[in-house]
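A.B. asks: Would you mind keeping the following structure in view while I ask a few things?
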Amino acid sequence: MNYNLAVVAGDGIGPEVMEQNIRVLDKVGKKFGHTFKYEHVLGGGCAIDKFGEPLPQNTIDVCKASDSVLLGAVGGWQWDTLPGDKRPERALLGLRGALGLYANLRPATLHEALKDACPLKPELVEGGVDIMVVRELTGGMYFGEKGRKQTDMGEAAYDVEQYSVKEVERITRTAFEIARKRKKHVTNVDKQNVLESSRLWRSVVLDVAKDYPDVELDHLYVDNASMQLIMRPTTFDVIVTGNIFGDILSDEASQMTGSIGMLPSASLGEGSLGMYEPVHGSAPDIAGQNIANPIATILSGAMLLKYSFGLQDESKIIEDAVAKVLNKGYRTGDIMSEGMKKLGCKEMADAILEEI
Ligand code: IPM
Ligand code: MN
(Lines give C-alpha, C1' and ligand atoms only; values in the text may rest on other atoms or scores of the structure.)
(Ligands and ions follow the chains in the order given, each with its own letter.)
Protein backbone atom coordinates (compact mmCIF):
# COMPACT_ATOMS: atom_id res chain seq x y z
CA MET A 1 0.00 0.00 0.00
CA ASN A 2 0.96 3.65 -0.51
CA TYR A 3 0.38 6.14 2.27
CA ASN A 4 0.66 9.92 2.12
CA LEU A 5 1.84 11.43 5.36
CA ALA A 6 1.88 15.10 6.27
CA VAL A 7 4.87 15.86 8.47
CA VAL A 8 4.87 18.81 10.87
CA ALA A 9 8.31 18.40 12.44
CA GLY A 10 8.04 21.75 14.26
CA ASP A 11 10.62 23.29 16.58
CA GLY A 12 13.42 22.37 18.97
CA ILE A 13 14.10 18.64 18.99
CA GLY A 14 11.01 18.05 16.77
CA PRO A 15 12.93 17.80 13.47
CA GLU A 16 15.69 15.51 14.80
CA VAL A 17 13.35 12.99 16.44
CA MET A 18 11.09 13.09 13.37
CA GLU A 19 14.04 12.26 11.11
CA GLN A 20 14.59 9.06 13.11
CA ASN A 21 10.89 8.22 13.05
CA ILE A 22 10.90 8.44 9.25
CA ARG A 23 13.94 6.16 8.99
CA VAL A 24 12.13 3.56 11.09
CA LEU A 25 8.87 3.84 9.11
CA ASP A 26 10.76 3.49 5.85
CA LYS A 27 12.51 0.35 7.07
CA VAL A 28 9.21 -1.19 8.17
CA GLY A 29 7.64 -0.16 4.85
CA LYS A 30 10.44 -1.85 2.95
CA LYS A 31 10.09 -5.02 4.97
CA PHE A 32 6.32 -5.28 4.51
CA GLY A 33 5.95 -3.73 1.04
CA HIS A 34 4.45 -0.33 1.91
CA THR A 35 5.52 3.06 0.62
CA PHE A 36 5.28 6.17 2.75
CA LYS A 37 5.38 9.54 1.00
CA TYR A 38 6.09 12.50 3.20
CA GLU A 39 5.01 16.08 2.67
CA HIS A 40 6.79 18.39 5.08
CA VAL A 41 4.88 21.47 6.20
CA LEU A 42 5.55 24.18 8.75
CA GLY A 43 3.71 24.57 12.05
CA GLY A 44 4.63 26.26 15.33
CA GLY A 45 7.49 28.67 15.90
CA CYS A 46 9.18 27.94 12.58
CA ALA A 47 5.95 28.91 10.79
CA ILE A 48 5.75 32.12 12.83
CA ASP A 49 9.31 32.99 11.71
CA LYS A 50 8.61 32.26 8.06
CA PHE A 51 4.96 33.30 7.60
CA GLY A 52 4.12 35.33 10.72
CA GLU A 53 1.56 32.79 11.92
CA PRO A 54 1.83 29.45 13.75
CA LEU A 55 -0.60 27.51 11.57
CA PRO A 56 -0.68 28.61 7.91
CA GLN A 57 -3.72 27.59 5.86
CA ASN A 58 -1.49 25.51 3.57
CA THR A 59 -0.42 23.38 6.54
CA ILE A 60 -4.06 22.70 7.42
CA ASP A 61 -4.86 21.89 3.78
CA VAL A 62 -1.95 19.48 3.36
CA CYS A 63 -2.78 17.75 6.65
CA LYS A 64 -6.47 17.43 5.69
CA ALA A 65 -5.57 15.94 2.31
CA SER A 66 -3.13 13.42 3.82
CA ASP A 67 -3.78 9.89 5.03
CA SER A 68 -2.41 10.90 8.43
CA VAL A 69 -0.23 13.45 10.17
CA LEU A 70 3.08 13.06 11.99
CA LEU A 71 3.95 15.83 14.41
CA GLY A 72 7.24 16.46 16.20
CA ALA A 73 6.99 19.24 18.77
CA VAL A 74 6.28 22.96 18.76
CA GLY A 75 7.37 25.91 20.90
CA GLY A 76 10.45 27.59 22.28
CA TRP A 77 11.61 30.55 24.34
CA GLN A 78 11.83 32.82 21.25
CA TRP A 79 8.04 32.85 20.97
CA ASP A 80 7.14 32.78 24.69
CA THR A 81 6.09 36.41 24.94
CA LEU A 82 3.67 36.38 21.98
CA PRO A 83 -0.08 36.78 22.69
CA GLY A 84 -2.12 33.58 23.13
CA ASP A 85 -3.49 33.28 19.60
CA LYS A 86 -0.05 33.86 18.01
CA ARG A 87 1.88 31.33 20.06
CA PRO A 88 3.36 28.13 18.54
CA GLU A 89 0.93 26.01 20.61
CA ARG A 90 -1.86 27.41 18.42
CA ALA A 91 -0.58 25.10 15.68
CA LEU A 92 -1.33 22.06 17.82
CA LEU A 93 -4.70 23.26 19.05
CA GLY A 94 -5.65 24.51 15.59
CA LEU A 95 -4.80 21.19 13.93
CA ARG A 96 -6.68 19.21 16.58
CA GLY A 97 -9.73 21.41 15.97
CA ALA A 98 -9.47 21.62 12.16
CA LEU A 99 -8.99 17.86 11.77
CA GLY A 100 -11.71 17.02 14.33
CA LEU A 101 -9.31 14.95 16.44
CA TYR A 102 -11.38 14.61 19.59
CA ALA A 103 -9.81 11.47 21.06
CA ASN A 104 -6.30 11.60 22.42
CA LEU A 105 -4.75 8.26 23.34
CA ARG A 106 -1.77 8.40 25.65
CA PRO A 107 -0.45 5.01 26.69
CA ALA A 108 1.82 4.98 29.73
CA THR A 109 3.68 1.69 29.82
CA LEU A 110 6.58 0.97 32.12
CA HIS A 111 9.06 -1.22 30.27
CA GLU A 112 10.46 -4.01 32.41
CA ALA A 113 13.98 -2.81 31.55
CA LEU A 114 13.25 0.73 32.78
CA LYS A 115 11.93 -0.24 36.22
CA ASP A 116 14.84 1.63 37.81
CA ALA A 117 14.01 4.85 35.97
CA CYS A 118 10.51 4.94 37.48
CA PRO A 119 10.46 7.35 40.45
CA LEU A 120 7.95 5.23 42.39
CA LYS A 121 9.03 2.59 44.91
CA PRO A 122 9.55 -0.80 43.20
CA GLU A 123 6.77 -2.44 45.24
CA LEU A 124 4.25 0.10 43.88
CA VAL A 125 4.94 -0.86 40.26
CA GLU A 126 5.38 -4.58 40.84
CA GLY A 127 3.44 -6.42 38.14
CA GLY A 128 3.81 -3.62 35.62
CA VAL A 129 2.20 -0.29 34.76
CA ASP A 130 0.08 -0.25 31.61
CA ILE A 131 -2.35 2.65 31.53
CA MET A 132 -4.15 4.13 28.54
CA VAL A 133 -5.27 7.70 29.15
CA VAL A 134 -8.10 8.61 26.78
CA ARG A 135 -8.28 12.39 26.86
CA GLU A 136 -11.04 14.40 25.19
CA LEU A 137 -9.15 16.79 22.93
CA THR A 138 -11.40 19.32 21.20
CA GLY A 139 -13.73 20.47 23.98
CA GLY A 140 -13.75 21.77 27.53
CA MET A 141 -12.07 24.99 28.57
CA TYR A 142 -9.42 24.65 25.85
CA PHE A 143 -12.04 25.36 23.20
CA GLY A 144 -14.81 27.03 25.24
CA GLU A 145 -15.64 30.72 25.21
CA LYS A 146 -12.79 32.80 26.61
CA GLY A 147 -12.32 36.46 27.30
CA ARG A 148 -11.74 39.32 29.69
CA LYS A 149 -14.21 41.44 31.59
CA GLN A 150 -14.43 44.02 34.33
CA THR A 151 -15.67 42.83 37.71
CA ASP A 152 -15.93 44.47 41.14
CA MET A 153 -12.55 42.83 41.83
CA GLY A 154 -11.06 44.58 38.79
CA GLU A 155 -10.14 42.97 35.48
CA ALA A 156 -10.94 39.24 35.20
CA ALA A 157 -10.40 36.53 32.60
CA TYR A 158 -12.41 33.39 31.91
CA ASP A 159 -12.23 30.12 29.94
CA VAL A 160 -15.55 28.30 29.88
CA GLU A 161 -15.62 24.56 30.63
CA GLN A 162 -18.47 23.23 28.49
CA TYR A 163 -19.28 19.72 27.26
CA SER A 164 -22.19 18.55 25.14
CA VAL A 165 -23.81 15.13 25.41
CA LYS A 166 -22.52 14.24 21.95
CA GLU A 167 -18.93 15.18 22.80
CA VAL A 168 -18.96 13.05 25.95
CA GLU A 169 -20.70 10.18 24.23
CA ARG A 170 -18.13 9.75 21.46
CA ILE A 171 -15.06 9.96 23.70
CA THR A 172 -16.65 7.52 26.15
CA ARG A 173 -17.31 5.07 23.32
CA THR A 174 -13.70 5.36 22.21
CA ALA A 175 -12.57 4.53 25.75
CA PHE A 176 -14.87 1.51 26.06
CA GLU A 177 -13.90 0.16 22.65
CA ILE A 178 -10.22 0.38 23.60
CA ALA A 179 -10.87 -1.21 26.99
CA ARG A 180 -12.48 -4.17 25.23
CA LYS A 181 -9.16 -4.87 23.56
CA ARG A 182 -7.29 -4.53 26.85
CA LYS A 183 -8.22 -5.48 30.42
CA LYS A 184 -11.88 -4.40 30.08
CA HIS A 185 -11.73 -1.77 32.80
CA VAL A 186 -12.57 1.93 32.40
CA THR A 187 -12.01 4.53 35.09
CA ASN A 188 -13.93 7.73 34.46
CA VAL A 189 -12.34 10.84 35.96
CA ASP A 190 -14.41 13.97 36.57
CA LYS A 191 -15.28 16.50 39.29
CA GLN A 192 -19.01 16.00 39.51
CA ASN A 193 -19.14 16.94 43.21
CA VAL A 194 -18.49 20.54 42.10
CA LEU A 195 -18.83 21.08 38.35
CA GLU A 196 -22.09 21.07 36.39
CA SER A 197 -20.17 20.10 33.24
CA SER A 198 -18.87 17.05 35.14
CA ARG A 199 -22.39 16.11 36.26
CA LEU A 200 -23.48 15.95 32.63
CA TRP A 201 -20.24 14.13 31.77
CA ARG A 202 -20.86 11.49 34.45
CA SER A 203 -24.48 10.88 33.43
CA VAL A 204 -23.49 10.35 29.79
CA VAL A 205 -20.68 7.97 30.77
CA LEU A 206 -23.18 5.93 32.81
CA ASP A 207 -25.57 5.84 29.83
CA VAL A 208 -22.92 4.73 27.34
CA ALA A 209 -21.67 2.11 29.81
CA LYS A 210 -25.00 0.25 29.43
CA ASP A 211 -23.83 -0.78 25.94
CA TYR A 212 -20.68 -2.33 27.42
CA PRO A 213 -21.79 -4.68 30.21
CA ASP A 214 -18.60 -6.69 29.69
CA VAL A 215 -16.42 -3.72 30.71
CA GLU A 216 -15.97 -2.78 34.35
CA LEU A 217 -16.53 0.92 35.07
CA ASP A 218 -15.57 3.00 38.07
CA HIS A 219 -15.37 6.72 38.77
CA LEU A 220 -12.86 8.97 40.52
CA TYR A 221 -12.84 12.69 41.19
CA VAL A 222 -9.82 14.19 39.52
CA ASP A 223 -8.07 15.18 42.76
CA ASN A 224 -8.45 11.65 44.11
CA ALA A 225 -7.40 10.18 40.75
CA SER A 226 -4.10 12.04 40.90
CA MET A 227 -3.50 10.44 44.30
CA GLN A 228 -4.59 6.93 43.33
CA LEU A 229 -2.34 7.01 40.26
CA ILE A 230 0.67 7.31 42.54
CA MET A 231 -0.57 4.89 45.19
CA ARG A 232 -1.85 2.05 42.98
CA PRO A 233 -0.74 2.61 39.36
CA THR A 234 -0.88 -1.08 38.47
CA THR A 235 -4.66 -1.25 39.06
CA PHE A 236 -5.55 1.13 36.21
CA ASP A 237 -6.36 0.09 32.67
CA VAL A 238 -8.18 2.78 30.64
CA ILE A 239 -8.78 6.27 32.06
CA VAL A 240 -11.34 8.46 30.27
CA THR A 241 -11.47 12.15 31.08
CA GLY A 242 -11.92 15.68 29.74
CA ASN A 243 -9.37 17.89 28.05
CA ILE A 244 -7.83 19.77 30.99
CA PHE A 245 -7.91 16.86 33.46
CA GLY A 246 -6.43 14.59 30.77
CA ASP A 247 -3.66 17.08 30.07
CA ILE A 248 -2.62 17.01 33.71
CA LEU A 249 -3.13 13.30 34.47
CA SER A 250 -1.33 12.16 31.31
CA ASP A 251 1.78 14.07 32.39
CA GLU A 252 1.54 12.42 35.80
CA ALA A 253 1.12 8.97 34.25
CA SER A 254 4.05 9.66 31.92
CA GLN A 255 6.44 9.87 34.84
CA MET A 256 5.80 6.23 35.72
CA THR A 257 7.39 5.19 32.47
CA GLY A 258 10.71 6.65 33.59
CA SER A 259 10.81 9.56 31.18
CA ILE A 260 8.41 11.66 29.18
CA GLY A 261 10.81 10.87 26.33
CA MET A 262 9.20 7.42 26.13
CA LEU A 263 5.58 8.41 25.59
CA PRO A 264 3.79 8.38 22.24
CA SER A 265 0.30 9.64 21.54
CA ALA A 266 -2.41 9.34 18.93
CA SER A 267 -5.14 11.88 18.26
CA LEU A 268 -8.10 10.41 16.43
CA GLY A 269 -11.38 11.61 14.95
CA GLU A 270 -14.21 9.96 13.02
CA GLY A 271 -12.17 8.71 10.05
CA SER A 272 -8.82 6.99 9.79
CA LEU A 273 -6.86 10.25 9.60
CA GLY A 274 -5.06 10.85 12.89
CA MET A 275 -2.21 12.90 14.25
CA TYR A 276 0.68 11.14 15.94
CA GLU A 277 3.15 12.89 18.20
CA PRO A 278 5.37 12.34 21.21
CA VAL A 279 3.88 13.61 24.49
CA HIS A 280 7.07 15.55 25.26
CA GLY A 281 7.68 19.12 24.15
CA SER A 282 10.29 20.75 21.93
CA ALA A 283 13.05 20.81 24.60
CA PRO A 284 14.90 23.77 23.02
CA ASP A 285 17.70 23.44 25.60
CA ILE A 286 18.90 20.16 24.06
CA ALA A 287 17.91 20.78 20.42
CA GLY A 288 20.47 20.09 17.71
CA GLN A 289 22.83 18.17 20.01
CA ASN A 290 21.78 14.65 18.97
CA ILE A 291 20.97 13.73 22.58
CA ALA A 292 17.15 13.74 22.48
CA ASN A 293 15.30 10.47 23.04
CA PRO A 294 13.59 9.52 19.74
CA ILE A 295 11.63 6.61 21.26
CA ALA A 296 8.40 8.52 21.98
CA THR A 297 8.25 9.69 18.36
CA ILE A 298 9.18 6.28 16.98
CA LEU A 299 6.46 4.68 19.11
CA SER A 300 4.04 7.31 17.76
CA GLY A 301 4.93 5.95 14.32
CA ALA A 302 3.96 2.50 15.62
CA MET A 303 0.62 3.92 16.81
CA LEU A 304 0.07 5.45 13.35
CA LEU A 305 0.45 2.06 11.70
CA LYS A 306 -1.91 0.42 14.18
CA TYR A 307 -4.67 3.02 14.59
CA SER A 308 -4.83 4.75 11.20
CA PHE A 309 -3.83 1.95 8.85
CA GLY A 310 -4.70 -1.20 10.82
CA LEU A 311 -1.18 -2.58 10.28
CA GLN A 312 -0.88 -4.59 13.51
CA ASP A 313 2.22 -6.65 12.63
CA GLU A 314 4.08 -3.63 11.30
CA SER A 315 3.25 -1.72 14.46
CA LYS A 316 4.29 -4.55 16.73
CA ILE A 317 7.64 -4.99 15.08
CA ILE A 318 8.52 -1.41 16.07
CA GLU A 319 7.30 -1.85 19.65
CA ASP A 320 9.22 -5.12 19.96
CA ALA A 321 12.37 -3.54 18.52
CA VAL A 322 12.21 -0.76 21.12
CA ALA A 323 11.78 -3.30 23.92
CA LYS A 324 14.74 -5.36 22.64
CA VAL A 325 17.00 -2.33 22.46
CA LEU A 326 16.10 -1.36 26.02
CA ASN A 327 16.66 -4.94 27.19
CA LYS A 328 20.11 -4.84 25.63
CA GLY A 329 20.90 -1.89 27.89
CA TYR A 330 20.89 0.90 25.31
CA ARG A 331 19.77 4.24 26.74
CA THR A 332 19.53 7.89 25.80
CA GLY A 333 20.57 10.43 28.44
CA ASP A 334 17.09 10.91 29.94
CA ILE A 335 16.74 7.22 30.84
CA MET A 336 20.42 6.52 31.50
CA SER A 337 21.40 4.54 34.59
CA GLU A 338 24.57 2.91 35.86
CA GLY A 339 26.02 0.12 33.76
CA MET A 340 23.92 0.97 30.68
CA LYS A 341 25.19 2.04 27.26
CA LYS A 342 24.49 5.66 26.43
CA LEU A 343 23.47 6.50 22.87
CA GLY A 344 22.65 9.66 20.96
CA CYS A 345 19.36 10.29 19.19
CA LYS A 346 20.48 8.92 15.82
CA GLU A 347 22.39 5.99 17.37
CA MET A 348 19.30 4.97 19.35
CA ALA A 349 17.35 4.86 16.08
CA ASP A 350 20.21 2.87 14.49
CA ALA A 351 19.88 0.30 17.28
CA ILE A 352 16.11 0.08 16.75
CA LEU A 353 16.55 -0.26 12.97
CA GLU A 354 18.96 -3.10 13.57
CA GLU A 355 16.22 -5.05 15.41
CA ILE A 356 13.59 -4.56 12.68
C1 IPM B 1 -0.15 18.53 25.34
C2 IPM B 1 0.40 19.92 25.49
C3 IPM B 1 -0.56 20.88 24.84
C4 IPM B 1 -1.87 20.80 25.57
C5 IPM B 1 -0.08 22.33 24.77
C6 IPM B 1 1.31 22.45 24.22
C7 IPM B 1 -1.04 23.19 24.00
O8 IPM B 1 0.63 20.22 26.83
O9 IPM B 1 -0.29 18.07 24.19
O10 IPM B 1 -0.45 17.90 26.35
O11 IPM B 1 -2.05 21.43 26.61
O12 IPM B 1 -2.74 20.07 25.10
MN1 MN C 1 0.21 18.56 28.20
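A.B. asks: Does VAL129 satisfy being modelled with pLDDT under 95, out of contact with any Lys or Arg (no Cβ under 6 Å at 6 or more places or on another chain) and within 30 Å of TRP201 (Cα to Cα)?
C.D. replies: yes
A.B. asks: With the requirement that a residue be farther than 18 Å from ALA302 by Cβ, more than 11 Å from ligand 2 (Cβ to nearest atom) and modelled with pLDDT of 95 or more, what does the range 245-269 give you?
C.D. replies: PHE245, GLY269
A.B. asks: Can you say whether VAL322 is under 28 Å from PRO122 (Cβ atoms) and open to solvent by less than 10 Å² (accessible area, probe 1.4 Å), as far as the supplied structure shows? Give the derivation first.
C.D. replies: On the way: under 28 Å from PRO122 (Cβ atoms): yes; open to solvent by less than 10 Å² (accessible area, probe 1.4 Å): yes.
When the stated conditions are applied, VAL322 passes them.
A.B. asks: Now for a different question. Only one residue in PRO88, PRO15 is out of contact with any Lys or Arg (no Cβ under 9 Å at 6 or more places or on another chain), modelled with pLDDT of 95 or more and either of a type in the set (Val, Ile, Thr) or more than 16 Å from ligand 1 (Cβ to nearest atom) (or both), so which one is that? Steps first, please.
C.D. replies: On the way: PRO88 fails: either of a type in the set (Val, Ile, Thr) or more than 16 Å from ligand 1 (Cβ to nearest atom) (or both).
Testing whether each residue is out of contact with any Lys or Arg (no Cβ under 9 Å at 6 or more places or on another chain), modelled with pLDDT of 95 or more and either of a type in the set (Val, Ile, Thr) or more than 16 Å from ligand 1 (Cβ to nearest atom) (or both) leaves just PRO15.
A.B. asks: Can you name every residue in the range 192-244 that is in contact with a helix residue (DSSP H, G or I) (Cβ under 8 Å, 6 or more places away or on another chain), farther than 22 Å from VAL125 by Cβ, more than 16 Å from ligand 2 (Cβ to nearest atom) and open to solvent by less than 40 Å² (accessible area, probe 1.4 Å)?
C.D. replies: SER197, TRP201, VAL204, VAL205, VAL208, ALA209, TYR212, VAL215, VAL240
A.B. asks: Open to solvent by less than 50 Å² (accessible area, probe 1.4 Å) and among the small types (Gly, Ala, Ser), is that true of ALA108?
C.D. replies: Numbers: open to solvent by less than 50 Å² (accessible area, probe 1.4 Å): yes; among the small types (Gly, Ala, Ser): yes.
It is true that ALA108 is open to solvent by less than 50 Å² (accessible area, probe 1.4 Å) and among the small types (Gly, Ala, Ser).
The values are calculated or read from the model by the stated rules, or taken from the named source; none is laboratory data. The model shown is predicted, which means the values in this text are computed figures rather than measured ones. Cβ sites come from the backbone with ideal geometry, for glycine too, and all protein chains shown count toward neighbours. Areas reflect the complete protein model, heavy atoms only, side chains present, ligands, DNA and RNA absent. Shrake-Rupley method; radii C 1.70, N 1.55, O 1.52, S 1.80 Å.
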